[in-house]
1. Any idea which of Ser283, Ser290 is over 23 Å from Gln120 (Cα atoms), surrounded by 11 or more Cβ atoms within 10 Å (Cβ to Cβ), assigned by TED's automatic domain parsing to the domain that holds Cys126 and among the small types (Gly, Ala, Ser)?
2. Going through region 171-207 one residue at a time, which ones are farther than 19 Å from Ile95 by Cβ, touching a residue at least 24 places away in the same chain (Cβ under 8 Å) and surrounded by 12 or more Cβ atoms within 10 Å (Cβ to Cβ)?
3. Restricting the search to region 175-205, which residues are in contact with a strand residue (DSSP E or B) (Cβ under 7 Å, 6 or more places away or on another chain) and aliphatic (A, V, I, L, M)?
4. Which count do you get for residues in region 257-284 that are more than 24 Å from the chain's Cα centre (by Cα), in a loop (DSSP other than H, G, I, E, B) and not charged (D, E, K, R)?
5. Can you give me the ranges of the strands (runs of 3 or more DSSP E) entirely in region 41-114 with at least 3 residues that are under 18 Å from the mean Cα position of the chain (by Cα) and closer than 21 Å to Leu174 by Cβ?
6. What are the residues in region 126-141 that are in a helix (DSSP H, G or I) and surrounded by 21 or more Cβ atoms within 10 Å (Cβ to Cβ), if any?
7. Out of (1) modelled with pLDDT of 95 or more; (2) farther than 30 Å from Gln223 by Cβ; (3) not small (Gly, Ala, Ser), the odd one out for Arg303 is which?
8. Could you count how many residues in region 151-176 are within 14 Å of the chain's Cα centre (by Cα) and either not acidic (Asp, Glu) or not in a loop (DSSP other than H, G, I, E, B) (or both)?
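The values are calculated or read from the model by the stated rules, or taken from the named source; none is laboratory data. Quantities reported herein were computed from a predicted structural model and do not represent experimental measurements. When we count neighbours, we look across all protein chains shown, and the Cβ atoms used for this are built from the backbone with ideal geometry, even at glycine.
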Amino acid sequence: MIGRGSARHGRSRPPPRKFKSVPEAISTGDGDGDGGPVFRVGPIIGTGSFGEIYHGTDAETKEEVAIKLESLRARFPQLIYEAKVYRQLQGQTGIPNVRWFGVEGDYSALVMDLLGANLQELFESCDANFSLKTVLMLADQMIDRVECLHVNSFLHKDIKPQNFLMGRGKSANLVHLIDFGIARKYMEMSKHGKQHIPYRDDMMGLQGTPRYASINNHLGIEQSRRDDLESMGYMLLYFLRGSLPWQDADAGNHRETHDMIKDMKVATSPQELCRGHPTEFASFLVYCRSLGFEDEPDYGYLRKLFKDLFVRQGLEYDYVYDWMVPRHYYKDDDYRY
């Protein structure tokens, strides 16, 4: 989700609003005088395909929150589903806390913790150049977040820098995973207990973001745990390299552009993609691509891969990221959802 702050020092213009009018406040009471918190709706701080995100404030405590709104007339409503996913993940490290979900006027509203900048914005604030130390510290936490999601039987299906946000204040060094609008269960209940979703190779259309999509996603194969991790591999290499070979591909229309990106991914070996960088990143990608459809990834192996590299490089795991040093300092009040 795009936020209110700029990619460098200070704040940029807020994104344009698609909704003509929004409620001034979100009332969480039951309507019979039994009042819950009232959240004042402030300026817009983000937009997405399905709705808009606003800065909000608890009218009584003045605590800041994020308020995600979706029109009740949305053709493909997804906020109620996303709220259910968040509820099932509550209490997990790096998952934003949900304060309330319900209907206010013409909108579904999801009130959540207010977070800091997303990793794409922070990457840009560092001139699209993350140090190996920062990439490895981020990787360690991101593997944890994706493992947590998978342990709870969910696939994210849109792993990308914009969906990882840093916290604020005392949680400024904590990576959060957000945006579960297209997340899906990969384990289903049957009369025989929990079963993995069936393999399919006839999926219509790519799901998620083409730049980071797995090869199997491009090929129309049903996604599973391996695909979230392959997407993470591309994301880590994007941070390490500064760009990906296919990120500017443009064939004139979406379908042909997606095919062009797919062909470039298939033609580029992990070793070639990682040339000039530690071999552990190639090993990560090779491992993810080697997994079978129902295979449970060895998350511990992936974490150890990068932790061993961290130690070998003599780096200090101090949670001091590149954007925290004076040259790139990112103001804490540049908030996001």
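1. Ser283
2. His196, Ile197, Leu206, Gln207
3. Within region 175-205, Val175, Leu177, Ile178, Ala183, Met187, Ile197 meet the criteria.
4. Of the residues in that region, 5 qualify.
5. 107-113
6. Within region 126-141, Thr134, Val135, Leu136, Met137, Leu138, Ala139 qualify.
7. Every listed condition holds for Arg303 apart from (2).
8. Looking only at that region, the number is 16.
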